């Protein structure tokens, strides 16, 4: 292992939906400087969303050069770099790695009809989709590849490689075609412990040719892909042969940046939507759960996934309806109300339900309204509805053998003490907040430190680089007060579904 000189630094890169951000970190996880470069998304048709991969490469160069310049470190001080990107951003490339068409990014769901064919295949590889009950998201790799094969067969046939945003960037950095175990496990139906590539599923779909178009080598997170090529080094203004380390999907690399690397822990990533990502000692599959994904984060780990489609977006919708500039006044007023918002219940399914019902047709609801209820009641009840939806996901996980002992939270909800306290009280679990808010970027730096040999493994690197800022403890009295409201919330879905069946 090389000497841990204080002069050494690490480079993390986060390829997001709207921009690519690069950050320079010291060896203890402190962000020294960062820079972001935007790129465009086009929407040629309803449900389509495309980006030009060449824009990613241009943004990578601009962001890395700016971040290193702003940090004041010399390029030769960078020990290694790692990249995370959006997941299910699927590209068709020629032999030179150049795009044959724009990328179908993660939010592109034109392949919704193809998902029905995937589920109908009834293959064992689908156990990660609600234990085979489905659905399979139109965001995922195989439905998008199937859409290409059926609708643009000349592009599919010409493509030497069909891969992810992640793989495109790493190829142009190193000249080597590899895939991340993270992307492959969680979105390609790849299972290293059983069949590897899902050849049976692909055969049933008439898509067997896809397997030969995927990168043949799949690396673990933290593995060294290779060194920067001379061309890449010139583009980034970094030394040639700088180690490039395998990353993965942004939210999952965020788990590492939050320190969620041990079984029994869960990352709670909040924003316009919520994502719950946990690590289990053992595999399990059940309706209403995505996963578990074998080796989806670290070797021997089993990642379980839950998600809510509309969470912060519901709260923001209310704020906009009220014509309020910020949340401070709404939070203050709502904090004066008792748990349960005096009988008001909100179902947060404004954009459907992802888990555990997995019902895109479910809709939001408010019930229990009286003339006493004001805007603070609605605001608090909306937050409580989001917390009830999160708790239902945790309950579904517990019913199938996974009970998180530690939850680490990141994202928009961390800016509201009220929201955090409600989440902690509803689930009767402490919530840990870390010092570094940009968890995916830090996760990349952690992986870079492992690839550079500055830490022996991810767990050791997390111990050194992830700092706890504070812990929000649950209030047992408030938790007890929420129980009747929570049970009513759970009953709302079935009742509303019956009421709306004819609409």
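Within the stretch 474-503, can you find the residues that are surrounded by fewer than 12 Cβ atoms within 10 Å (Cβ to Cβ) and either touching a helix residue (DSSP H, G or I) at 6+ places or on another chain (Cβ under 7 Å) or within 21 Å of residue 407 (Cβ to Cβ) (or both)?
476, 477
So which residues in the stretch 168-184 are surrounded by fewer than 23 Cβ atoms within 10 Å (Cβ to Cβ) and in a helix (DSSP H, G or I), if there are any at all?
Hits for the stretch 168-184 are 171, 172, 174.
With 306, 323, 288, 296 as the choices, which residue is within 23 Å of the chain's Cα centre (by Cα) and over 25 Å from residue 483 (Cβ atoms)? Give the derivation first.
Details: 306 fails: over 25 Å from residue 483 (Cβ atoms); 323 fails: within 23 Å of the chain's Cα centre (by Cα); 288 fails: over 25 Å from residue 483 (Cβ atoms).
Testing whether each residue is within 23 Å of the chain's Cα centre (by Cα) and over 25 Å from residue 483 (Cβ atoms) leaves just 296.
Can you name the strands (runs of 3 or more DSSP E) wholly within the stretch 185-297 that have at least 3 residues being in contact (Cβ under 8 Å) with a residue 24 or more places away in the chain and crowded, with 17+ Cβ neighbours inside 10 Å? Walk me through it before giving the result.
Working: elements: 217-219, 224-227, 243-245, 265-270, 274-280, 290-294.
By residue number, 224-227, 243-245, 265-270, 274-280, 290-294.
If you check every pair at least six apart or on different chains, which have Cβ atoms under 6 Å apart with a residue in the stretch 404-422 that is assigned by TED's automatic domain parsing to the domain that holds residue 471 and at pLDDT 90 or above first and a residue that is surrounded by fewer than 20 Cβ atoms within 10 Å (Cβ to Cβ) and part of a helix (DSSP H, G or I) second?
Close Cβ pairs (under 6 Å, with a partner that is surrounded by fewer than 20 Cβ atoms within 10 Å (Cβ to Cβ) and part of a helix (DSSP H, G or I)) amount to 416/331; 418/331; 418/335.
Restricting to the stretch 12-52, give me the number of residues that are buried (at least 20 other Cβ atoms within 10 Å of the Cβ) and at positive phi.
Number satisfying all stated conditions: 1.
Is it the case, given these coordinates, that residue 314 is buried (at least 22 other Cβ atoms within 10 Å of the Cβ), outside the structural domain of residue 182 (by TED's automatic domain parsing), touching a strand residue (DSSP E or B) at 6+ places or on another chain (Cβ under 7 Å) and assigned to a strand (DSSP E or B)?
On the way: buried (at least 22 other Cβ atoms within 10 Å of the Cβ): yes; outside the structural domain of residue 182 (by TED's automatic domain parsing): yes; touching a strand residue (DSSP E or B) at 6+ places or on another chain (Cβ under 7 Å): yes; assigned to a strand (DSSP E or B): no.
Answer is no for this residue.
From the list 448, 439, which one is within 23 Å of residue 64 (Cα to Cα), in the same structural domain as residue 382 (by TED's automatic domain parsing) and modelled with pLDDT of 95 or more? Explain how you work it out, then say what you get.
Values: 439 fails: modelled with pLDDT of 95 or more.
Exactly one of 448, 439 is within 23 Å of residue 64 (Cα to Cα), in the same structural domain as residue 382 (by TED's automatic domain parsing) and modelled with pLDDT of 95 or more, namely 448.
Residue-wise test of (1) in contact with a strand residue (DSSP E or B) (Cβ under 7 Å, 6 or more places away or on another chain); (2) over 21 Å from residue 412 (Cα atoms).
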{"residue": "298", "(1), (2)": "no, yes"}
{"residue": "303", "(1), (2)": "yes, yes"}
{"residue": "318", "(1), (2)": "no, no"}
{"residue": "322", "(1), (2)": "no, no"}
{"residue": "358", "(1), (2)": "no, yes"}
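Please go through (1) touching a residue at least 24 places away in the same chain (Cβ under 8 Å); (2) within 21 Å of the chain's Cα centre (by Cα); (3) under 23 Å from residue 297 (Cα atoms) for residue 60 and return the number of the only condition it doesn't satisfy.
Unmet for residue 60, out of (1) touching a residue at least 24 places away in the same chain (Cβ under 8 Å); (2) within 21 Å of the chain's Cα centre (by Cα); (3) under 23 Å from residue 297 (Cα atoms): (3).
Out of the stretch 444-503, which residues are within 23 Å of residue 21 (Cβ to Cβ), assigned to a helix (DSSP H, G or I) and in contact (Cβ under 8 Å) with a residue 40 or more places away in the chain?
Within the stretch 444-503, 444, 445, 446, 447, 448, 449, 450, 451, 458, 462, 464, 465 qualify.
Taking the stretch 106-149 as the region of interest, how many residues are over 21 Å from the mean Cα position of the chain (by Cα) and in a loop (DSSP other than H, G, I, E, B)?
Residues that pass the stated criteria total 5.
Is it the case that the stretch 98-105 has a residue that's buried (at least 16 other Cβ atoms within 10 Å of the Cβ), outside the structural domain of residue 356 (by TED's automatic domain parsing) and part of a helix (DSSP H, G or I)? Step through it out loud before you land on a result.
Looking only at the stretch 98-105, we keep the residues that are buried (at least 16 other Cβ atoms within 10 Å of the Cβ), and these are 99-105.
Checking the rest, the ones that are also outside the structural domain of residue 356 (by TED's automatic domain parsing) come to 99-105.
From what is left, the residues that are part of a helix (DSSP H, G or I) are none.
No - not one qualifying residue is present in the stretch 98-105.
Within the stretch 32-53, does at least one residue satisfy the condition of being assigned to a helix (DSSP H, G or I), under 24 Å from residue 248 (Cβ atoms) and in contact with a helix residue (DSSP H, G or I) (Cβ under 6 Å, 6 or more places away or on another chain)? If you could, list the steps in order and put the result at the bottom.
Narrowing the stretch 32-53 to residues assigned to a helix (DSSP H, G or I): 53.
Subsequent filtering for residues that are under 24 Å from residue 248 (Cβ atoms) retains 53.
Filter again for in contact with a helix residue (DSSP H, G or I) (Cβ under 6 Å, 6 or more places away or on another chain), leaving 53.
Yes: the stretch 32-53 contains one or more residues that are assigned to a helix (DSSP H, G or I), under 24 Å from residue 248 (Cβ atoms) and in contact with a helix residue (DSSP H, G or I) (Cβ under 6 Å, 6 or more places away or on another chain).
Do you know which of the residues in the stretch 331-364 that are within 29 Å of the chain's Cα centre (by Cα) and under 27 Å from residue 475 (Cα atoms) is modelled with the lowest pLDDT?
Going through the stretch 331-364, the residues within 29 Å of the chain's Cα centre (by Cα) turn out to be 331, 345-364.
Filter once more, keeping what is under 27 Å from residue 475 (Cα atoms): 331, 345-349, 355-356.
Working: 331: 94, 345: 97, 346: 96, 347: 95, 348: 94, 349: 93, 355: 88, 356: 93.
By that ranking, first place goes to 355.
Report whether or not residue 369 is assigned to a loop (DSSP other than H, G, I, E, B) and either farther than 30 Å from residue 495 by Cβ or outside the structural domain of residue 322 (by TED's automatic domain parsing) (or both). Talk me through it step by step, then tell me what you get.
Values: assigned to a loop (DSSP other than H, G, I, E, B): yes; either farther than 30 Å from residue 495 by Cβ or outside the structural domain of residue 322 (by TED's automatic domain parsing) (or both): no.
No.
Which of the residues that make up the stretch 322-359 are part of a helix (DSSP H, G or I) and touching a helix residue (DSSP H, G or I) at 6+ places or on another chain (Cβ under 7 Å)? It would help to see each step written out before you state the result.
Step one: of the stretch 322-359, the residues part of a helix (DSSP H, G or I) are 322, 328-335, 341-343.
The answer is 322, 330, 331, 333, 334, 335, 341, 342.
Just one of (1) more than 15 Å from the chain's Cα centre (by Cα); (2) assigned by TED's automatic domain parsing to the domain that holds residue 465 trips up residue 266, so point out which.
With (1) more than 15 Å from the chain's Cα centre (by Cα); (2) assigned by TED's automatic domain parsing to the domain that holds residue 465 applied to residue 266, the lone miss is (1).
The values are calculated or read from the model by the stated rules, or taken from the named source; none is laboratory data. Everything numeric here is computed off the predicted structure, so don't read it as measured data. For neighbour counting, all protein chains shown are included, and Cβ atoms are generated from backbone atoms with ideal geometry for every residue, glycine included.
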